1. Restricting attention to segment A:22-32, does a residue exist that is over 25 Å from residue A:297 (Cβ atoms), surrounded by 11 or more Cβ atoms within 10 Å (Cβ to Cβ) and at pLDDT below 90?
2. Can you report the number of residues in segment A:78-113 which are within 12 Å of another protein chain (Cβ to nearest Cβ) and not in a helix (DSSP H, G or I)?
3. Test residue B:133 against the stated conditions and say whether it is outside any helix (DSSP H, G or I), within 14 Å of another protein chain (Cβ to nearest Cβ) and either at pLDDT 65 or above or surrounded by 10 or more Cβ atoms within 10 Å (Cβ to Cβ) (or both).
4. What helices (runs of 4 or more DSSP H) lie completely within segment A:131-210 and have 3 or more residues being surrounded by 19 or more Cβ atoms within 10 Å (Cβ to Cβ) and within 12 Å of another protein chain (Cβ to nearest Cβ)?
5. Considering only segment A:5-23, I want to know if a residue exists there that is touching a residue at least 12 places away in the same chain (Cβ under 8 Å) and part of a helix (DSSP H, G or I).
6. Checking residue B:30 against (1) under 17 Å from the mean Cα position of the chain (by Cα); (2) more than 30 Å from residue A:108 (Cβ to Cβ); (3) at pLDDT 90 or above, which single condition isn't satisfied?
7. One residue is enough: does segment B:131-138 have a residue meeting the conditions more than 22 Å from residue B:53 (Cβ to Cβ) and small (Gly, Ala, Ser)?
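The values are calculated or read from the model by the stated rules, or taken from the named source; none is laboratory data. Treat the numbers as computed from the prediction; the structure is a model and nothing was measured. Positions of Cβ are backbone-derived with ideal geometry, glycine not excepted, and every protein chain shown enters the neighbour counts.
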Amino acid sequence: MLEQAIAIWSQIPEALRTSVWIVLKIMAIILPLLGVVAYLTYAERKVIGYMQSRIGPSRVGYAGLLQPIADAAKLAFKEIVIPARANKVLFVLAPVLSFLPALVAWAVVPFADGMLLADVDAGLLFVLALTSFGVYGIILAGWASNSKYAFLGAMRAAAQMVSYELAMGFALIGVLMAANSLKLNDIVLAQQGGFWHWYFIPLFPLFMVYWISGVAETNRLPFDVVEGESEIVAGFHVEYGGMGFALFFLAEYANMTLISTLIATLFLGGWLSPFEHVPVLEQIPLLGQNGFHWLALKAAFFLFCFLWFRATFPRYRYDQIMRLGWKVFIPVTIVWLAVVGVFVHTGFGPWF
Amino acid sequence: MFQLVLFYAFSAVLIGAALAVITARNPVHSVLFLVLAFFTSAALWLLIEAEFLAIVLVLVYVGAVMVLFLFVVMMIDVDLAALREGFNRSLPLGMGVVLLIVLELSVVLGGSGFSGKGGPVPLPEGGSNIRALGEVMYTQYVYPFEIASVILLLAIVAAIALTLRRRPGRLVQNPGLQAKVRPEDRLRILKMPSETRD
């Protein structure tokens, strides 16, 4: 049986075999990602529920574990309503445009040493380019809906995401100066040697800027003026129902997962174990070993923080968001880039 | 062979998108077709292994410049009838300019530099386009590069200085003061004896 399968496999032409292999790899990334996204919505409701002395979803399945599936089924069977005088083509295209970059960016994320879909030379730039593309879905959704609230949300989104992208880009420059490479895999490898080799120590201000900008970039609380339930109903997606809304929802959570994974990869050593070269702990079977589990653990911590922020902080005022982005973060990153330049020149600490 | 097919496919999309930019009736559609044109030209650059240029084109033009373009185009109400009014009058001038550009392009492209025979210089095995570009830019051409960046910085400062207006009577908040506020400054708690009913 197995031999037959191998025989059939080897008869397929080379080019087709490569493409089948690539499609399988893509599926191996996207399907678990969708699972993570689905259960992230469940985790969000549970975590915030407990933070607010409630129990969250508890009726569908054991402890409400089937709730995300029930939600997905509900959204899939809902009617898609296209508002009067809306721009039909763009109205349908917008959710797709917002979901697409959230998935494509995963192509360059390393899950373990060398375990990534495409080892692009400019991996970091690729991620930055794709995350900056995500704003189109939101702007077009707001414009195509032919609704004032949606349009206000879109305008806010455009201004906010463009502002915070700059700060994020500057923070990434610090990382690539330290790692001497744009490949995400090389950036992780440059942080080898225990948690004191990770970049969050020498690049601490950039780490904080990247983290907070990441929250702003995904339009999560406390930066969710784009949706702002109490001001503009639900912002850009107010006119969407059914799968259109579901795609925006998926895009937001996929982006949160992506940002969390990127923070873990760039500043916290990705799939590296923190106990490398720590005398006793290094020997512990799973904890001392590098591998995907460490990346998952680190990303899960940042995802939890996303939920935690949502339960803790009140929404920022719009002008304060802009001030934070332009007048605080960008000067901080520029000053720290100069400091990093001195670090690189002097070969400071174990990092450079 | 496969690359050639891709090249023609992307080129066809690029030309179609570029034509749609000037023929689309809706200005927002025009901007989106321009985004598509940038994307396909980035794909063409990827085909000749200029991945840095391709990604930077998407990052800068699609990610930032076109978002601001879209922002502005969505805000203004374009009256197409008024825009098309002077079409016939300015047609000769436009044709003249286009002819001139075509002539100049044919002179440049017909010259020795663009024979189209050499193609891109192949990179050494394991070499990276970004590394090569960075090495040239920061060693051989470091002064032109730095001067260009200083000129750009100057342009930013000049643009802000030219458009900055100091209007009298403008209401400005001081975030530092706002953050420093304590409950005692804003809130007065009165102690008063309870009223008795008699």
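1. Yes, segment A:22-32 has at least one match.
2. Going through segment A:78-113 one residue at a time, the tally reaches 1.
3. It is false that residue B:133 is outside any helix (DSSP H, G or I), within 14 Å of another protein chain (Cβ to nearest Cβ) and either at pLDDT 65 or above or surrounded by 10 or more Cβ atoms within 10 Å (Cβ to Cβ) (or both).
4. Correct list: A:135-144, A:148-179.
5. Yes, segment A:5-23 has at least one match.
6. Result: residue B:30 passes all but (3).
7. No: zero hits.
Yes/no per residue for (1) basic (Lys, Arg); (2) in a helix (DSSP H, G or I); (3) within 14 Å of another protein chain (Cβ to nearest Cβ); (4) surrounded by 17 or more Cβ atoms within 10 Å (Cβ to Cβ):
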position	(1), (2), (3), (4)
A:246	no, yes, no, yes
A:251	no, yes, no, yes
A:288	no, no, no, no
A:302	no, yes, no, yes
A:324	no, yes, yes, yes
A:334	no, yes, yes, no
